[in-house]
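Read through the structure below, which is laid out as structure tokens, and then see the notes.
Since every read-out is calculated from the coordinates, none of them should be taken as a lab result. On a predicted model such as this, the values are computed, not experimentally measured, just so you know. Because the Cβ atoms are built from the backbone with ideal geometry, glycine has one as well, and the counts that use them run over all protein chains shown.
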Amino acid sequence: ITKDLDGKSKPLLFGYVRNLEPLLLSSPNRTYQISVGPIGDIERVYDNGIPIDFKYDLTTGIFSTVNNTVGTITCDVKGINTSGGTYSDKLPSIIKYLVCTLGGLAAPKFITSPLVGNIPIGYYLRERRNILDILDDLIKSIDGYYGFDVEGNFFYGILAVPSNEIPQKLTGNSASRY
């Protein structure tokens, strides 16, 4: 492994990403890293857009090309195993992994909007970032919001367009059309 990597952060991949340019670990050994830790799968590796043969270790997120290469290496990959040791590209699993595993919080209760559902995400980090910055990026991608309530629950959801309809009936703390 090259000394050029000293002091550099390792890449992180969440979800499914096509045409990802992996981190070169060793030129003589043609070894690349997709992400730290176990990943879901490496579907294809390309040399200047042409599929090539490769060997991989999904437990480390590292692969090597079988033959010498001539151009830019890219790949189609499934990222970090976020959901109990299995791959997931769904936003709820990725957020839970970021908050609990990387953030070190003892499993808070997660409250999510039904609008979030199982939105697939593909997010690749080549340099070190703050977890809150990563959450900002992910939540912005769905026009959403997140935070902690006074009881320590983590909540997130999608900002919805308010209705233009005028309520027909006001009672207590609610308004309805019926």
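General observations
- Kirkwood Rh and Cα Rg combined as Rg over Rh, evaluated for region 87-152: 0.93
- Label-point separation in nm, LYS55 to LEU102, each point 7 Å along Cα→Cβ: 3.1 nm
- Seen against the Cα atoms of the chain and their longest principal axis, helix 131-140 is set at about 70 degrees.
- Within the listed set LEU138, LEU105, LEU20, the residue fluctuating most in the Gaussian network model of the chain (springs between alpha-carbon atoms under 10 angstrom) is LEU105.
- Nonlocal amide H pairs with GLY61, under 5 Å, H built at 1.01 Å: ILE39
- A cut-off of 5 Å between modelled amide H atoms, ignoring neighbours fewer than 5 places along the same chain, links THR31 with LEU25, SER26.
- FRET efficiency estimate (nearest 0.05) - Cβ-Cβ, LYS109 to ALA160, R0 22 angstrom: 0.50
- For region 76-113, the list of trypsin sites (Lys or Arg not before Pro) that fall in a loop by DSSP and count at most 14 other C-beta atoms within 10 angstrom reads LYS109.
- Considering only SER64, SER88, SER141, the mean-square fluctuation computed in a Gaussian network model of the chain, springs between alpha carbons under 10 angstrom, is largest for SER141.
- By the helix-only formula, in which each DSSP H run with n ≥ 4 contributes -39500 (n - 2.57) and the sum is divided by residues, the chain has a 222 nm mean residue ellipticity of -2500 deg cm²/dmol.
- Residue separation of GLU151 and ARG126 scaled by 0.36 nm, minus their Cα-Cα distance, works out to 5.5 nm of gained length.
- Lysine pair count for the chain (Cα-Cα distance under 21 Å; residues 8 or more apart in sequence or on different chains): 10.
- Counting Lys and Arg as +1 and Asp and Glu as -1 over every other residue whose Cβ lies under 10 Å from the Cβ of THR65, the net charge comes to 0.
- For the pair THR69 and ASP137, label points projected 7 Å from Cα toward Cβ lie 2.1 nm apart.
- Entry for Cα Rg over 2.2 N^0.38 Å (calculated from the structure that is shown) out of (i) 1.08; (ii) 1.32; (iii) 2.33: (ii)
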